[in-house]
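Please read the structure below before turning to the comments.
All of the numbers you see were taken from the coordinates with simple rules; none came from a lab. Remember, it's a predicted structure, so these values are computed and weren't measured experimentally. A quick note on method: Cβ atoms are made from the backbone with ideal geometry, for glycine too, and the neighbour counts reach across all protein chains shown.
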Number of protein chains: 2
Amino acid sequence: MTTSRSAPTAPRRRVPRAERERQMLEVAEEVFSERGYLASSMDEIAERVGVSKPMLYEYFGSKEGLLIACTQQARSELLRVTTTTALKGGTPEEMLRNGLTAYFEFIQTHGRAWLLLRTEGAFASPSAAAEMEASRAEHTNLIVASLSRFAPSESVGANLEPVAEVIVGGTERLAVWCQQHPEVSAEQAADLVMLLARGGLAELFAASPNRG
Amino acid sequence: MTTSRSAPTAPRRRVPRAERERQMLEVAEEVFSERGYLASSMDEIAERVGVSKPMLYEYFGSKEGLLIACTQQARSELLRVTTTTALKGGTPEEMLRNGLTAYFEFIQTHGRAWLLLRTEGAFASPSAAAEMEASRAEHTNLIVASLSRFAPSESVGANLEPVAEVIVGGTERLAVWCQQHPEVSAEQAADLVMLLARGGLAELFAASPNRG
DNA sequence: AGAGTAGGTTACCACGGGTAGGTTACTTCC
DNA sequence: GGAAGTAACCTACCCGTGGTAACCTACTCT
């Protein structure tokens, strides 16, 4: 029975490392997304965890390290989800749609750490940007790998990589847009990308007269 | 060993404000893109300009202000170029292609300040991110405005805004990719986006058998 | 020549990332 | 129980850097 003692000497409770790390990550994620990376101070995070600053450095090495750690878990989870969902599709079309839907769903629901990086104002550190780039590359690879099996040596097949880049960039941007438009579901968002990928503008082009 | 006054006072040249500002912007752009925003110090920039730090603050207010100033000119120039080029097209297809080509050309040639913001590791400040968002919004608007005149109330027409977001995001991402692939010309890059927009993947989808 | 001002400086502050080195709670093994 | 060992934890500090106050001086204009 060592409940909190009176003022003079706080009976500092010791917490195992794994537990503390979880606490720290939780608080850090909160503070970073509240204030933005730059405006957040390690002192504040430490204080809110109820621990002193050197502990943060002991466990995460640096402010950047803490940021990265906040995202790593979200990042690997995102890749896992999109990959497994995409692979359930039998045709390339299904695969792409599945992957896109999973992506939008993830961002909408579990993606606080993710949006922390992606959202305006949040980024700062070179390593954080590298994190984002790494994740984009993962998804580009996923798309290339998924579609290349099917792609003939046609116009798209020869340019699969840059095309995948466009899809990844467009999807990411649309995800940001979706934040301001919560009425748009993950499926609808995925459909929008599919619409484009499948030739949405061709219809528009064809419909317009050739006037100049 | 007394004060540094011993040296004959250098005949400190005075430089008019406009000129100094240009110098400062030039140096700042250089330093920022060399070191990245965070790793750049105002002291170093001031020293390289050959002026003392308070002058930077006098003219640009803050570190962020200096960064923003570096990009503002590139940003307005980019919008001008894409807009005027796009408007030369008679059909929506031409307009889009023209605009895209102008974008890629600009990024490749004049866009140092631009890439400074966009490239990995460069960003940091909230205002810088806001800058990027503003520029993206400008281009989204441009696309929406250009195409809405032609768009019927079809699937695309009803979703022109999010579709434009996807195009903007995909284009931006492809521009980054093009940096690593200088052999790809602006026209080719624009063609890639057009290919997608006009239904590049439809062909791939159609070509593949109905099983994986 | 002397006033007014744009251009310029030195010297400083405070905040925040990061660290050295010591202290205390908990475990282990006799 | 108690010494020994270790993991968790702290206080106190350093110092780089963004930002500022207060003062100075080259140039212009009448």
Could you go through region A:43-57 in sequence order and give the Karplus-derived ³J(HN,Hα) for each residue, using 6.51 cos²θ - 1.76 cosθ + 1.60 with θ = phi - 60°, rounded to whole Hz, and x for Gly and Pro?
4, 5, 4, 4, 4, 5, 6, x, 8, 9, 3, x, 5, 4, 6
How big is the charge dipole of region B:44-115 about its Cα centre, in debye rounded to the nearest 20, if each Lys and Arg gets +1 on its Cβ and each Asp and Glu gets -1 on its Cβ?
20
Label point 7 Å beyond Cα along the C-beta direction, distances from A:Thr91 to other copies (nm, shortest first):
2.8
What ranking of A:Arg173, A:Arg13, B:Arg14 emerges when the number of other C-beta atoms within 10 Å of each C-beta is taken as an exposure proxy, fewest first?
B:Arg14, A:Arg13, A:Arg173
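Among B:Lys63, B:Lys88, what is the fewest-to-most ranking by other Cβ atoms within 10 Å?
So the ranking, lowest neighbour count to highest, is B:Lys88, B:Lys63.
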Give, as a single signed number, the net charge of other residues whose beta carbon lies under 13 Å from the beta carbon of B:Asn141, with Lys and Arg counted +1 and Asp and Glu -1.
-3
Checked region A:56-121 with the C-alpha gyration tensor, a ≥ b ≥ c its square-rooted eigenvalues, rounded below a/c of 1.5, otherwise prolate if a/b is larger than b/c and oblate if not; verdict prolate
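Summarise the partner chain shielding of A:173-186 as one whole number: the mean count of Cβ atoms from other chains within 10 Å of each residue's Cβ. Before the final figure, lay out the partial values.
Details: counts 13, 7, 2, 4, 9, 2, 0, 0, 3, 0, 0, 2, 0, 0.
Taking all residues of A:173-186 together, the mean is 3.
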Take every residue in peptide B:32-41, count the Cβ atoms of other chains within 10 Å of its Cβ, and give the average of those counts.
2
Taking only C-alpha pairs under 8 Å that are 6+ residues apart, what is the relative contact order of region B:16-118 in percent?
26
Charge tally in the Cβ shell below 13 Å around A:Ser185, where Lys, Arg are +1 and Asp, Glu are -1, A:Ser185 excluded:
-4
Average partner coverage of A:91-98, which counts Cβ from other chains inside 10 Å:
3
List the distances, in nm to one decimal, from the label point of A:Arg22 to the label points of the same position in every other copy, shortest first, placing each label point 7 Å from Cα along the Cα-to-Cβ direction.
6.2
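If we sort B:165-172, B:48-55 on the protection proxy, mean other Cβ atoms within 10 Å, highest first, what's the order?
Packing order, densest peptide first, comes out as B:165-172, B:48-55.
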Could you give, in nm with one decimal, how far A:Ser41 is from each other copy of that position, shortest first, with labels 7 Å out from Cα toward Cβ?
2.0
Which aspartates and glutamates, on any chain, are close to B:Lys53 with Cα under 15 Å apart, when same-chain ones fewer than 8 places away are left out?
B:Glu21, B:Asp43, B:Glu44, B:Glu64
